[in-house]
1. Do we have Ser44 as open to solvent by less than 70 Å² (accessible area, probe 1.4 Å), part of a strand (DSSP E or B) and modelled with pLDDT under 90 here?
2. Among the residues of the stretch 87-116, write down those that are at pLDDT 90 or above, of a type in the set (A, V, I, L, M, F, W, C) and surrounded by fewer than 18 Cβ atoms within 10 Å (Cβ to Cβ).
Amino acid sequence: TAASIRPLTSHVDASKTLTLKENGKKSAVQGLNMAVTLFGNRGSRSPLVEWYLHEIGTPYTHREDRAGLPNPFGQIPALIDDEVEIFESGAILLYLADKYGGLDTPAKRAAVTKWVMWANAALDPALFTANVEARAPRLLDTLNRIL
């Protein structure tokens, strides 16, 4: 459910072992080629992208530095996936859904697009701010009923 969402962090060490840490538990996946790199921090909309990457089980490298950032305006979040460079959280989410989420019909894409737009317009300002207790309960109650 939406209320059980916890921050997900990931990193890649020198041996290319991906370590995921969620709810205090660690798991490692050896030998991954980390093609997806997410640039962002908790103060940006990158938590929305991290949440989606976690939901679809796509491993990624998270970077808070801006060296190599593909956004010409220097803003985050931004993402590199192999040769694809993309910025703006909504565009990133739609790209990831297209590539990894099996959106092979207009109906499937429409079903995802409405939630991406809602997440950027309503969920992000309610959940990823200091005032989460005041804004989130109504949204999360509705979301939990839908899910």
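1. Spelling it out, it is not the case that Ser44 is open to solvent by less than 70 Å² (accessible area, probe 1.4 Å), part of a strand (DSSP E or B) and modelled with pLDDT under 90.
2. Ala91, Ala107, Ala110, Ala111
The values are calculated or read from the model by the stated rules, or taken from the named source; none is laboratory data. Bear in mind that the values here come from a model prediction, so they are computed numbers and not experimental data. Reconstructed Cβ throughout: ideal geometry from the backbone, glycine too, with neighbour counts over all protein chains shown. Accessible surface areas use protein heavy atoms only, side chains included; no ligands, DNA or RNA. Shrake-Rupley method; radii C 1.70, N 1.55, O 1.52, S 1.80 Å.
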